[in-house]
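Just so it is clear, none of the values below were taken in a lab; they were calculated from the coordinates. Model, not experiment: these values are computed from the prediction. Note that each Cβ is placed from the backbone with ideal geometry, even for glycine, and that neighbours are counted across all protein chains shown.
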Amino acid sequence: SAVISQKPSRDICQRGTSLTIQCQVDSQVTMMFWYRQQPGQSLTLIATANQGSEATYESGFVIDKFPISRPNLTFSTLTVSNMSPEDSSIYLCSVAGLAGGVTYEQYFGPGTRLTVT
Amino acid sequence: SQQGEEDPQALSIQEGENATMNCSYKTSINNLQWYRQNSGRGLVHLILIRSNEREKHSGRLRVTLDTSKKSSSLLITASRAADTASYFCATGTSGSRLTFGEGTQLTVNP
């Protein structure tokens, strides 16, 4: 499996501001994903981060609210824009396809716990 | 429709007992994965079972998959207090995307 780190691990932000979360992997991966986990709930896929092109968003998530970058095969960022208290969640990145291979297993970062006041 | 619904929502057992969690889904899948999450932290990948497999083992874990019933089960044998966590099933369809179930909160009492 890969070593995945996320920054920051947690943050408390004021409504109306934006936060950028970083996800770094220690090896090249084919796929990177961003998930949201609202308090006491399961994970919901926000988008697939595509290297060198626009992310693919799931229904209910839009680029203006959650812009995503993936400049290379080991790094991605998720920005939560114009935050409201409803954005308070854990945000997790995951990866699949280690060393550029084709695999279905996804491995998750430790998550970023965001609280919006 | 909800993919990957799990039951029970919560399970409390004594150390040494076996824990069984079930997952049902609605659409065709190419794989099903089980994850563990401790106290709102990152997810740990436990096991993946492909749609053409019926059973898989990993240590104290046993996963079954019945594609005709669109269901899977996770069995943890000889449970330990350290197994206390939330367990999620996730179904994989196309492009490595996963859809997660609601999860089962397992508590193992010493």
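Some observations on this one:
- Take the Cα of A:Ser9, step 7 Å toward its Cβ, do the same at B:Ala81, and the gap between the two points is 2.3 nm.
- Average partner coverage of B:48-55, which counts Cβ from other chains inside 10 Å: 1
- Relative contact order, percent, chain A [alpha-carbon distance under 8 Å, six or more residues apart]: 36
- Residues of type lysines that B:Lys70 reaches as a straight line, Cα spacing below 17 Å, ignoring anything fewer than 8 places off in the same chain: B:Lys26, B:Lys56
- Rounded to the nearest 20 debye, the dipole magnitude of chain B is 360 debye, with +1 charges on Lys and Arg beta carbons, -1 on Asp and Glu beta carbons, and the Cα centre as origin.
- For the stretch A:7-117, Kirkwood radius (reciprocal of mean inverse C-alpha pair distance, Å): 14.0
- Using the average count of surrounding beta-carbon atoms within 10 Å as a protection proxy, the listed peptides B:84-93, B:62-71 rank, highest first, as B:84-93, B:62-71.
- Ranked list, fewest to most other Cβ atoms within 10 Å of each Cβ, for A:Met32, A:Met83: A:Met83, A:Met32
- Those Cys residues of chain A for which no other cysteine Cβ falls under 4.7 Å: A:Cys13
- Shielding by partners - mean other protein chain Cβ count within 10 Å, residues of A:90-97: 3
- Taken residue by residue and averaged, Cβ atoms of other chains lying within 10 Å of the Cβ of B:88-94 number 2.
- In straight-distance terms, cross-link reach from A:Lys65 covers every one of the lysines whose alpha-carbon lies under 26 Å from its own, apart from those fewer than eight places away in the same chain; here that gives A:Lys7.
- Rounded to the nearest 20 debye, the dipole magnitude of the protein assembly as shown is 200 debye, with +1 charges on Lys and Arg beta carbons, -1 on Asp and Glu beta carbons, and the Cα centre as origin.
- Near A:Gln6, once Lys and Arg are set to +1 and Asp and Glu to -1 for all other residues with Cβ below 12 Å from its Cβ, the sum equals +3.
- C-alpha center-to-center spacing [the stretch B:1-65, the stretch A:1-73] in angstrom: 24
- Listed peptides A:8-18, B:18-28 appear in the order B:18-28, A:8-18 once ranked by packing, highest mean of other Cβ atoms within 10 Å at the front.
- R0 of 45 Å, Cβ-Cβ distance B:Asn30-A:Ser18: FRET efficiency to nearest 0.05: 0.80
- Sites B:Lys69 and B:Ser94, calculated FRET efficiency, Cβ-Cβ separation with R0 22 Å, nearest 0.05: 0.50
- Positive minus negative residues near B:Met21 (Lys, Arg vs Asp, Glu; Cβ under 9 Å): -2
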